[in-house]
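We did not get these values from a lab; they are worked out from the coordinates using the rules stated. For clarity, every value in this text was computed on a predicted model and none was experimentally measured. No Cβ is skipped: glycine too gets one built from the backbone with ideal geometry, and neighbour counts run over all protein chains shown.
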Amino acid sequence: MTVAMAVTDVTLREYGPAVSVPLEAAAGRALAAAGVLESVTPDPGRDGHWLLRAGSRVGALRTPGGPVVRIMPKTPVRRLFFLLGFSLDPARAWRDSREGTVDTGAHDDVVPALAHAVERRIDAALRQGVLQGYRVVEESAPVVRGRLREAEQIRRHFGRTPPVEIAYDAYTADTAENRILRTAAERLLRLPGVPGPVRQRLAHQRVRLADALPLIPGQELPLWQPSRLNSRYQPALRLAEAVLRGTSPEHRPAGSASLAVDGYLLDMNKLFEDFVTVALREALREHGLTARLQDPHHLDTARLVGIRPDLVVRTPDGRTPLAVVDAKYKVERADGLHNADLYQALAYATVLGLREAHLVYAAGRRPERFHEVRGTTDGPEGRAVRLYQHSLDLSREPGQLLSALRELAGRLAGTATPPRS
């Protein structure tokens, strides 16, 4: 006999302890297959229960018939959205390092804060009216308008008229910008945990954008070019694209038409990496240096083993590497060491021919430490390769975070030396 289980919302903490939750077996398997939690396993001590443990992803998700699972971040939500806002729009955030660069209202949960922030930015974008622009339209019509598509006319109608295959420029609200905003609003309306007042405002914004067609799920987002005309849209567009490109798990197990995991999650690993590398790149420009994010290289001479450091500092012409940085969002070990990270940093320094490599962590008991690598002392200076570990305390104020990264950028610029010959 199948026992009906009460469905209640579940709250997990980022990297917190596992929580035992009553789940139907099919819902538990779907959640495990989605791969969005650190672990999902049957609870050996309680029949019909599953142990859920969150990892680095924060937000909300659900399975039909199962609970809404909310994952709370260790970092305050306002600080989290400062990191996100800076990564999306560093020029604006660098000028204004307050947490208010992304308005999250009074919400302390990721999804409500995100929905509020997107709606507020859409409202600001549309305050002067819905942006219109020209778009090429190709259609069959009873009369000629614009340009005749001769090849299509012959292929489809064997030269007969009407109808005629035409193409023309239409002045319309169905632009890439409006389609992105409308689709983001609709995406947020489907998420669990969006408060009623925010949901009403999002629905109102969707009505204002009704002349723009929603995007088809799974397709690439349409391209738009920043310009003077769409400048008021740009903050909303960047955040809307983060919604549409973010980790939105939609997993449907094979052979099941009813069970699907759906939600919105932010990966703190990616968010921290983006913030650190973008902030360092912007700060290094003040020293006349360039920086490449996710710079591809090969570990071996046969070019079979690829490596991709988070950030490589280069000379102004971009040719010569001067320093390498990797960002790591993870829980610190009791001894403060992460051996695998040190091996990885040494590999980067070796391939790039550098005397040092830098690791930036989201937390640590010591602000900085370094390790000198045995067997690497050579050259006229006789100094061993050094691997630096830096800690960036995310509980600090935004201005302090940016100051710490500016200081690190200054060190990279001041201590950077050409690669070993």
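Listed from fewest to most Cβ neighbours within 10 Å, the set T376, T277 follows the order T376, T277.
Seen from R314, the other residues with C-beta closer than 9 Å to its C-beta sum to a net charge of 0, counting Lys and Arg as +1 and Asp and Glu as -1. Take segment 286-415, drop everything but the C-alpha atoms, weight them equally and run the Debye formula without solvent; then report log10 I(q)/I(0) at 0.14, 0.17, 0.20 Å⁻¹ to two decimals. The Cα Debye sum returns log10 ratios of -0.66, -0.97, -1.30. Computed from backbone phi, the HN-Hα couplings of segment 346-358 come to 5, 4, 4, 4, 5, 5, 7, x, 9, 8, 7, 9, 10 Hz, rounded to whole numbers (Karplus: 6.51 cos²θ - 1.76 cosθ + 1.60, θ = phi - 60°; Gly and Pro given as x).
A crude spin-label estimate for the pair S20 and R292, with each label 7 Å from Cα along the Cβ direction, gives 5.3 nm. Among W50, W224, sorting on how many other beta-carbon atoms sit within 10 Å of each Cβ, with the fewest leading, yields W224, W50. Amide H to amide H distances under 5 Å link A363 with K330, L392, where only residues 5 or more positions off or on other chains count and H is placed in the peptide plane.
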